[in-house]
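Undergrad: My questions will all concern the structure given below.
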There are 2 protein chains.
Amino acid sequence: MTPNKEDFIKAIFELGGKEKVVTNKDLVRMLSISAASVTDMNTRLLKEELITHLPYQGVMLTEKGLLIANQLIRKHRIWEVFLAEKLGYDWNEVHADADLLEHVSSDLLIERLNIFLEEPTFDPHGGVIPNQDGTVPEIHSTPLIECRVGDRFKIQEVDDQEDFLEYLLYKKVHLGKEYTLAEIEPYDGPLTLETPAGEKTVIGHKAAFKIFVDIIE
Amino acid sequence: MTPNKEDFIKAIFELGGKEKVVTNKDLVRMLSISAASVTDMNTRLLKEELITHLPYQGVMLTEKGLLIANQLIRKHRIWEVFLAEKLGYDWNEVHADADLLEHVSSDLLIERLNIFLEEPTFDPHGGVIPNQDGTVPEIHSTPLIECRVGDRFKIQEVDDQEDFLEYLLYKKVHLGKEYTLAEIEPYDGPLTLETPAGEKTVIGHKAAFKIFVDIIE
DNA sequence: AATATTTTTTAGGGTAGACTAAAAATAATT
DNA sequence: AATTATTTTTAGTCTACCCTAAAAAATATT
């Protein structure tokens, strides 16, 4: 297994390759490589039985491929916790370094790091850390966009794109923070959140798809 | 700069490429690659002006190459401190993981890690950590083999080969420990060390070249 | 000094991972 | 249904890094 193959498998996973067929086009966009390179890598991963391939349709992870994806995400997220908690990174800074570190981390290193960090369940943006065996703890959370006016909730998880995290940092939205959904503007308009202290925050319609909350009672 | 090039430069440095010409043969042994591959890499590093090359004699680091070597060693040793102090690695275990981590560590990551570790001066086997600018703090230490009977000293640094460190672990020799040189057997025989408490430890002649001490008063 | 050995270099090749350009297949539009 | 546009695949290249086998240069030995 090489870093490039690992990144490719992770990209398939992140595009939904656990349950549905992922197109070459999506992989081209996600990895910023040419279409020919995607076909190339597909044939290599196919040979190792990490993916299944439907010609001109796309690829899906096999059980074997899924296991590798989950173990990579475990490594990635444990490093993110380390960078944020111990080295003082902001949550929008952790991604790039974790992406490099995950490929050179032995299982032993990760388990020792995990113990050092006191076995965290979530990474800095609320992503669940998969278990050693590749299983993923079940966490119930709701996309903010599905909430109704009056719902009270805590921020559970947010999308981990650097610019989005920066935006939330600016909006002072952070994990665990409690809000009530005060208002939803019609025609895909913005959502107004209100803290228990009465402070109001306005969130765009599209952003509400990228925020996941835990509704209280 | 790629991991392989970095390893090659580090190997040249470790074979003395700062002050003398290093032969291809030595690099073949150190890196376990073919002689042809060494010539190959030499020409590539030559093109980047990281080494100078005397045909059929060997290579030496340029200022540029030396800077890279020292920065790599800085990264390597800071990771070693982390693995030993925070993750509980024994001193003979740190080398392999540090060797991988050093190639994927941004300068920012290393500086933040350095601060987290409270800016250590030495790695777990006593190696000095080069400064950010590539300069190396001067530390005075004497090879144990050059000591005279009666000398009192502290263990300052030891060679960082895994099996040697394991041997020292077994002999209970560790950094900072104080001994008096009690006896040297003639004809390249073993050396006897004695702790202030009167415990004696016998060290082979060859091992005495790989242990560096700080003589007291 | 001539021969034998060792070391380095050259020549030619292999694999992983990327590319461009063109061909083939699928999907969208008129 | 025919044409156009998009997506995927194939074909051919390129670079980094490694290899083996053979040639060339340097070193050792007789």
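Undergrad: Please work out which residue of chain B brings its Cβ closest to the axis of the rotation superposing B onto A, and round that distance to whole Å.
TA: Nearest-to-axis residue on chain B, with distance in whole Å, is B:104, 3.
Undergrad: Related question: Sorted from shortest, what are the nm distances separating the label point of residue A:19 from equivalent points in the other copies, each placed 7 Å from Cα along Cα to C-beta?
TA: With the label placed 7 Å along Cα→Cβ, residue A:19 yields 6.6 nm.
Undergrad: Around residue B:161, which amide H atoms from residues at least 5 apart in sequence, or from another chain, sit under 5 Å from its own amide H, with H modelled in the peptide plane?
TA: Answer set, sorted by chain and number: none.
Undergrad: Can you give the FRET efficiency for residue B:115 and residue A:49, using 1/(1 + (r/R0)^6), R0 = 30 Å, r = Cβ-Cβ distance, to the nearest 0.05?
TA: Calculated value: 0.10.
Undergrad: Let me ask something additional. Treating the point 7 Å from Cα along Cα-beta-carbon as the label, what are the nm separations from residue A:106 to the other copies, to one decimal?
TA: 2.7
Undergrad: Give the distance, in whole Å, between the Cα centre of segment B:173-213 and the Cα centre of segment A:90-107.
TA: Using only Cα atoms to place each centre, the spacing works out to 44 Å.
Undergrad: Tell me, what is the percent relative contact order of segment A:82-217, built from C-alpha pairs under 8 Å that lie six or more residues apart?
TA: Computed value for segment A:82-217: 25 percent relative contact order.
Undergrad: Continuing with the same structure: So if R0 is 51 Å, what FRET efficiency would residue A:178 and residue B:177 give, r being the distance between their Cβ atoms, rounded to the nearest 0.05?
TA: The computed FRET efficiency comes out at 0.40.
Undergrad: Name the chymotrypsin sites (Phe, Trp or Tyr not before Pro) in segment B:165-217 that are in a loop by DSSP and that have at most 14 other C-beta atoms within 10 Å, would you?
TA: In loop regions of segment B:165-217 (DSSP not H, G, I, E or B), the sparsely surrounded chymotrypsin sites (Phe, Trp or Tyr not before Pro) are B:187.
Undergrad: Across peptide A:102-115, what mean number of C-beta atoms from other chains lies inside 10 Å of a residue's C-beta?
TA: For peptide A:102-115, the averaged partner shielding equals 3.
Undergrad: Using the Kyte-Doolittle scale, which helices in chain B average at least 0.0 and also have C-alpha atoms spread 20 Å or more along the helix axis, with helices defined as whole DSSP H runs?
TA: For chain B, where a helix must reach 20 Å along its axis and average at least 0.0, the hits are B:63-85.
Undergrad: Given the peptides A:117-127, A:71-81, arrange them by the average over their residues of other C-beta atoms within 10 Å, most packed first.
TA: Ranked from most to least packed, the peptides come out as A:71-81, A:117-127.
Undergrad: Please work out whether segment B:72-136 counts as rounded, prolate or oblate from its C-alpha gyration tensor, where a ≥ b ≥ c are the square roots of the eigenvalues and a/c under 1.5 means rounded, while otherwise a/b larger than b/c means prolate and anything else oblate?
TA: The shape class here is rounded.
Undergrad: What 222 nm value per residue comes from the helices of chain B, counting each DSSP H run with n ≥ 4 as -39,500 (n - 2.57) and dividing by all residues, nearest 500 deg cm²/dmol?
TA: The helix contribution divided over chain B gives -12000 deg cm²/dmol.
Undergrad: Can you tell me the FRET efficiency between residue A:151 and residue A:188 if r is taken as the Cβ-Cβ distance and R0 is 22 Å, rounded to the nearest 0.05?
TA: So, using R0 = 22 Å, E works out to roughly 0.75.
Undergrad: Also, quick follow-up: Given chain A, what whole percent of its Cα pairs are spread farther than 21 Å?
TA: 60 percent
Undergrad: Continuing with the same structure: Using a Cα-Cα cut-off of under 16 Å, which aspartates and glutamates could be cross-linked to residue A:171, ignoring same-chain neighbours fewer than 8 residues away?
TA: A:90, A:157, A:159, A:160, A:162, A:163, A:194, A:199
Undergrad: Cα-Cα pairs above 19 Å in segment A:105-217: how many percent?
TA: Counting pairs separated by more than 19 Å, the tail of P(r) holds 50 percent.
Undergrad: To make sure I understand the rule: partners must be aspartates and glutamates, Cα under 18 Å from the Cα of residue A:200, and not fewer than 8 residues away in the same chain. Which ones qualify?
TA: A:151, A:178, A:183, A:185
Undergrad: Would you mind calculating the relative contact order of segment A:71-138 from Cα pairs under 8 angstrom and at least 6 residues apart, reporting the percent as a whole number?
TA: 44 percent
Undergrad: Here's another thing I want to ask about it. Determine the alpha carbon to alpha carbon distance for each of A:172/B:86; A:20/A:64; B:5/B:47; A:18/A:177; B:10/B:75; A:75/B:75 and list only those over 23 Å.
TA: Cα-Cα > 23 Å for A:172/B:86; A:18/A:177; rest within.
Here, each number is a calculation from the coordinates, and none is a lab measurement. The structure displayed is predicted, hence computed values, not measured ones. Note that each Cβ is placed from the backbone with ideal geometry, even for glycine, and that neighbours are counted across all protein chains shown.
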